[in-house]
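Bear in mind these aren't lab numbers, they're just calculated from the coordinates by the rules spelled out. Since the model is a prediction, treat every value here as computed from it, not as a measurement. Positions of Cβ are generated from backbone atoms using ideal geometry, with glycine treated the same way; all protein chains shown enter the neighbour counts.
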Amino acid sequence: PVWQQFITSSRLPTDFQTLRVPRHTLARLRESLLSVMTLIEGAIPQPSMALPPMTGGGPQGSLQDRLYNGLLQRKRSEEAQRFESVSLQGIRALTRRSAEALALLKTLDEHRFHSIVVKLSPDLRNEFVVMRFGELVASARGVAVAGGLLEALF
């Protein structure tokens, strides 16, 4: 539900802005994401150097056929492992960015959210008030707004 929610309480940049999601919910979600990241870290496969058992060809198949089938099977297995690793690394990156965004929003809320939003440039403020959490995490606009929020915080 948080992924599709607007971040701020109002879509009008001139209104008093508050977070839509309570601070304790942000903290709880971040802790859950950190647990998922730990789980993902342990699930990323490491390349295996062991040859899979030779199959196909049976005892009657030639040695060349059995070797070819074994190498083909190994190649397919390594390719599947690479795809799985790349996929898990993408999920890990998205999870990490989500946890960072939640920590940023929690920090902003602890430091008078409205006063920080007011310090944004008019363009960034206009983008931020119509931005959903998923856009903050996974878009170039979100990166620009997060940078502006950090500058406004300091």
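In percent, what relative contact order does the chain have, based on Cα pairs under 8 Å that are 6 or more apart in sequence?
Averaging sequence separation for qualifying contacts and normalising by length gives 36 percent for the chain.
Gain in length, residue 3 to residue 43, computed as 0.36 nm per residue apart minus the alpha-carbon separation, to one decimal in nm?
12.0 nm
Using the Kyte-Doolittle scale, find the helices of the chain whose mean hydropathy is at least 0.0 and whose Cα atoms extend 15 Å or more along the helix's long axis, counting only whole DSSP H runs.
The qualifying helices are 23-43, 140-153.
So if I take the centroid of the Cα atoms in segment 102-154 and the same for segment 1-33, what is the distance between those two points in Å?
Here the answer is 11 Å between Cα centres.
Select from segment 96-154 those trypsin sites (Lys or Arg not before Pro) which occupy a DSSP coil region and have at most 12 other Cβ atoms within 10 Å, ordered by residue number.
112
With N set to the residue count of the chain, report its C-alpha Rg divided by 2.2 N^0.38 Å to two decimal places.
Dividing the Cα radius of gyration by 2.2 N^0.38 Å gives 1.61.
Name the shape class, rounded, prolate or oblate, that the alpha-carbon gyration tensor gives for segment 95-149, where a ≥ b ≥ c are the square roots of its eigenvalues, rounded holds for a/c under 1.5, and otherwise prolate holds if a/b is larger than b/c and oblate otherwise. It would help to have the intermediate numbers written out before the result.
Values: a/c = 2.15, a/b = 1.16, b/c = 1.85.
Judged from the Cα gyration tensor, segment 95-149 comes out oblate (a/c at least 1.5, b/c at or above a/b).
Between residue 15 and residue 88, what is the spin-label point distance in nm, taking each point 7 Å from the Cα along the Cα→C-beta axis?
Those two pseudo-labels are separated by 4.4 nm.
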